[in-house]
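The values are calculated or read from the model by the stated rules, or taken from the named source; none is laboratory data. The structure presented is a predicted model; accordingly, all values stated were derived computationally and were not measured. Every residue, glycine among them, receives a Cβ derived from its backbone with ideal geometry; neighbour counts consider all protein chains shown. The area values use the complete protein model at the heavy-atom level, side chains included, leaving out ligands, DNA and RNA. Shrake-Rupley method; radii C 1.70, N 1.55, O 1.52, S 1.80 Å.
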Amino acid sequence: MSNVILGKNQYGKAEVRVVRVKRDTDRHEIADLNVTSQLRGDFETVHTEGDNAHCLPTDTQKNTVFAFAKKGISSPEDFLLGLAEHFTSGWDWITGGRWEAEQYSWDRILVNGEEHDHSFVRNGSETRTAVVVGDGDTRTVIGGLHSLTVLKSTGSEFVGYEKDKYTTLPEATDRILATDVAVRWRYNTTDLDWNATYDSVKALLLEGFAEKHSTALQQTLFQMGEKVLNAHPEIDELKFSMPNKHHFVVDLEPFGLENPNEVFFAADRPYGLIEATVQREGAALDEKAWEGIAGFC
């Protein structure tokens, strides 16, 4: 007799790259997603006995992504909700799952100042993310983005911090503040205009970063989250992971030059890493929905 049992498990197809071109008019539209599908349910005997009767192949999940793309991709959230409904309603032993997508943006190329109908250039800004977690009939949607690089050339300081015998960092009353914003936010509804809400959240995050004097990246992070929650009652919490992209003033004195905060060395590592959750007071927490999302506290 073995005293070993199967714990939590899920399986599926990761990073299915699907591009959908909408070409019903001469002016084409592109939806570009990287989709992961993972199923949860009664897969005990698949693991413990090698009985695959309850195993829907990962290849089938990949093919389902492509087939659903044929129907159209209005938003990553709606696309994932459709996958969740398909898998949980089609097999009684599939009780839930986790579906995730990254969306890559393309801008139209300008020709003679006009947007071209079917030629695009990859947008170098942030990557949009979405996660749908299914548990029985319950659906939880988590929006987000990463690689949103922002910088303010003044309006930031860092003073009054704890110092000990190992502290060498000088206080700065006027410094560059720069970071790559990675953030995910949990919705308390599944009935939204996902694209409009995403655009609004992104704009609010940028405003929150820019509009107030910063005494620390932690303070700025909180202001960004607070601004979103005050404007969007359909969002209960945001989880941030933001590196402090340090910029150090270069000493130009050896060359007989002054440097009044004009020339900096942009260091890529090591870096401060600031992570925090900003949540609505009194809102129900949903730790289960965050399972499998790494890099956020």
Highest-first arrangement of 229-238, 249-258, where packing means the average Cβ count within 10 Å: 229-238, 249-258
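Between N259 and K165, what FRET efficiency follows from the Cβ-Cβ distance if R0 is 41 Å, with the result rounded to 0.05? List each step's numbers first, then the result.
Numbers: r = 29 Å, r/R0 = 0.71.
Given R0 = 41 Å and the Cβ-Cβ separation, E is 0.90.
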Counting only protein chains, not ligands or nucleic acids, how are K62, K152 ordered by accessible area (probe 1.4 Å), most first? K62, K152
Please work out how much length the chain gains when fully extended from R17 to R269, using 0.36 nm per residue of separation minus the C-alpha to C-alpha distance, in nm with one decimal. 87.6 nm
With a Förster distance of 22 angstrom and the Cβ-Cβ distance between A276 and T190, calculated FRET efficiency to the nearest 0.05 equals 0.25
Considering only Cα-Cα distances, which of the following residue pairs are longer than 18 Å: K8/K288; K22/K71; K239/K288; K13/K202; K152/K239; K152/K212? K13/K202; K152/K239
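Carbon and sulfur: what percent of the chain's accessible surface (1.4 Å probe)? Don't skip to the answer; put the middle values down first.
Details: 8300 of 16510 Å².
Roughly 50 percent of what the probe reaches on the chain is carbon or sulfur.
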Take the Cβ-Cβ distance between T48 and A283 as r, set R0 to 25 Å, and report the resulting FRET efficiency rounded to the nearest 0.05. 0.05
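With every protein chain present, what is the per residue accessible area of the chain (1.4 Å probe, Å²)?
It amounts to 56 Å² per residue over the chain.
Subtract the Cα-Cα distance of A172 and I109 from 0.36 nm times their separation in residues, and report this length gain in nm to one decimal.
Length gained, A172 through I109: 18.4 nm.
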Counting just the Cα atoms, what span does the stretch 206-297 cover along each of its three principal axes? Round to the nearest Å and put the largest first. 60, 29, 16
Given C-alpha coordinates of the chain, what is the ratio Rg to Rh with the Kirkwood estimate of Rh? 1.05
Can you divide the C-alpha Rg of the stretch 11-104 by 2.2 N^0.38 Å and report the result to two decimal places? 1.20
